[in-house]
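Novice: Below is one structure. I have some questions about it.
The values are calculated or read from the model by the stated rules, or taken from the named source; none is laboratory data. The model shown is predicted, which means the values in this text are computed figures rather than measured ones. Please note: Cβ atoms are built from the backbone with ideal geometry, for glycine as well, and neighbour counts cover all protein chains shown.
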Amino acid sequence: MKVTIEFDNKAEALNAMQGEDWHDAMYELDQKLRWIVKHGYSRNKDLNETELEVFAQCREMLQQVMNDNDLTFNV
């Protein structure tokens, strides 16, 4: 598929072209948070329940922001 888009300024064009980079970075963050919550430790340190809850809440916040902006990791 070929798509042609025009932008009024350089910043908007750069943001559009970096979309895949943003997707990949947020996906990696989500996966790291998922792994920490699932396995219960980070940086070779066991986490207590409060710390695990914070990581779980961070992941939920990321997912909520994505939902609010109609974004998904499933392309």
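Residue-wise test of (1) hydrophobic (A, V, I, L, M, F, W, C); (2) part of a loop (DSSP other than H, G, I, E, B); (3) loosely packed, with under 12 Cβ neighbours inside 10 Å.
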{"site": "Lys32", "(1), (2), (3)": "no, no, no"}
{"site": "Ile36", "(1), (2), (3)": "yes, no, no"}
{"site": "Gln57", "(1), (2), (3)": "no, no, no"}
{"site": "Val65", "(1), (2), (3)": "yes, no, yes"}
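Novice: Shifting gears a bit: For the subset of region 3-20 comprising residues that are in a loop (DSSP other than H, G, I, E, B) and among the polar types (S, T, N, Q), which member is surrounded by the most Cβ atoms within 10 Å (Cβ to Cβ)?
Specialist: Of everything passing the filter in region 3-20, Gln18 is surrounded by the most Cβ atoms within 10 Å (Cβ to Cβ).
Novice: Do any residues in region 5-28 that are at negative phi have Cβ atoms under 8 Å from those of residues that are modelled with pLDDT under 95 and among the β-branched types (Val, Ile, Thr), where the two are at least six apart or on different chains, and which pairs are they?
Specialist: Ala16/Ile5; His23/Val75
Novice: Which number in (1) of a type outside the set (Asp, Glu); (2) within 24 Å of Phe73 (Cβ to Cβ); (3) surrounded by 12 or more Cβ atoms within 10 Å (Cβ to Cβ); (4) free of Cβ contacts under 8 Å to residues at least 12 places away in the same chain marks the one condition that Leu47 misses?
Specialist: (2)
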